[in-house]
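Read-outs: derived from the displayed coordinates by stated rules, not from any lab. The model shown is predicted, which means the values in this text are computed figures rather than measured ones. No Cβ is skipped: glycine too gets one built from the backbone with ideal geometry, and neighbour counts run over all protein chains shown.
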């Protein structure tokens, strides 16, 4: 496995950090989970470092109420974890980090469906993340289809 972590510990940690990111609780625990040189690789060539990812989650928390996160199928292979992720929330304030820039709220429930691939370093910290999502579906839900 990765460092001293078992498969089950990797999965539990991934679920836990996702919940913390969506709620914004316990930033110290979130910080400890990520490797210092963490890299995020998103759709359309979007690249973020740790601070950029934290800024995205802060914007998500600011724009959406009643946020939830669920992990679906999870596959662990060596230092990699792949999973389905669903993040949902009610769009009630401006979302500054949408795929097309700031958007006004529409009051609707928005569901972000993602496929994630995570790579952990030798110490069991999250080193890289790749995601794929249906941006067209997200934009439609945000009220910005065709932008």
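Which ordering of 98, 137, 6 is given by a fewest-first count of other beta-carbon atoms within 10 Å?
6, 137, 98
Along its three principal axes, how long is the chain when you only count alpha carbons? Whole Å, largest extent first please.
Taking max minus min along each principal axis of the Cα atoms, the chain gives 46, 27, 25 Å.
Between residue 16 and residue 39, what length comes free when the chain is fully extended (0.36 nm per residue of separation minus the Cα-Cα distance, one decimal in nm)?
6.3 nm
In degrees from 0 to 90, rounded to the nearest 10, what is the angle of the helix 7-23 Cα long axis to the longest principal axis of the chain?
Tilt relative to the chain: about 30 degrees.
How much length, in nm to one decimal, is gained on full extension between residue 80 and residue 140, taken as 0.36 nm per residue of separation minus their Cα-Cα distance?
Difference between extended and current length: 18.4 nm.
Calculated FRET efficiency, residue 130 and residue 71, Cβ-Cβ r, R0 25 Å, to nearest 0.05?
0.95
Gaussian network model of the chain, Cα springs within a sub-10 Å range: biggest mean-square fluctuation belongs to which of 73, 131, 111?
In this elastic network of the chain, the residue with the biggest mean-square fluctuation among 73, 131, 111 is 73.
Relative contact order of the chain: what whole-number percent is it, with Cα pairs under 8 angstrom and at least 6 residues apart?
24
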